[in-house]
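So the structure is just underneath, and the comments pick up after that.
The values are calculated or read from the model by the stated rules, or taken from the named source; none is laboratory data. Quick caveat: nothing in here was measured; it's all calculated off a predicted structure. Counting neighbours? That spans all protein chains shown, and the Cβs are built from the backbone with ideal geometry, glycine included.
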Amino acid sequence: MNNFNNEGYSIIESLISIFTIDKGKVKVLLFRKKDEPYKGYWMLPGGILKANESLEESISDYVVENCGFSNLYTEQCHVFSDVERIPDKRVVAITCIGLIDSISVELKQEIPDSIESEWFNISAIPKTIYDHGMIIDKSVDCLRERIINSNVLKILFPSDFTLPELQKVYEQILGKELDRRNFRKKFINLGLIEDTGYKNEGYTGRPAKLYRFKENIEERDLF
């Protein structure tokens, strides 16, 4: 069975917005398009969904082959089915979000030399092909809905962090400022994190305590 034929069946593509935290900034991975149309513009990773594979298999295989990330945390986000989203073709996009911590990015990222890639701050997305900018916006919305979950947050912060760093990430994703004292009080009182006994020495300003998420925490919504 084909995804597209002359009788008007649709092509189905799977696209993924992979997010990470880099030096306190929420970033998404994009690839640069090498040919026309939109040559030089940026696009989300993904490909055509084959007839003999599931969405999860399609995303997993593509991410491993083109990014080097295995066991990436993914969730389905949204379906984009506007008839004219891609000119001259009927293409439906099923989109997902993926989460990976910065340490895993450094250790595991293996992008083929033939692919030009870059991590972009979610507040500074470059020119993208077709409706990929809209898809990224929707993916941030999906991330906003999921970031309140303790286990999702733990994926992005598997190692030591300061509470100001954690709050900064929350504010970027939620798109609003949070009261510092209330934020600190909430996380400490929830019993999800523990003091490592160390501080982030070497940074400008007053050293802040370093925390980590506890090993076995009950999954819950934080806000």
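List of remarks:
- Of the helices (runs of 4 or more DSSP H) lying entirely inside the stretch 105-223, those carrying at least 3 residues that are within 20 Å of the chain's Cα centre (by Cα) and surrounded by 12 or more Cβ atoms within 10 Å (Cβ to Cβ) are 132-146, 150-156, 163-174.
- Within the stretch 89-104, the set of residues being in a loop (DSSP other than H, G, I, E, B) and either β-branched (Val, Ile, Thr) or modelled with pLDDT of 95 or more (or both) comprises ILE100 only.
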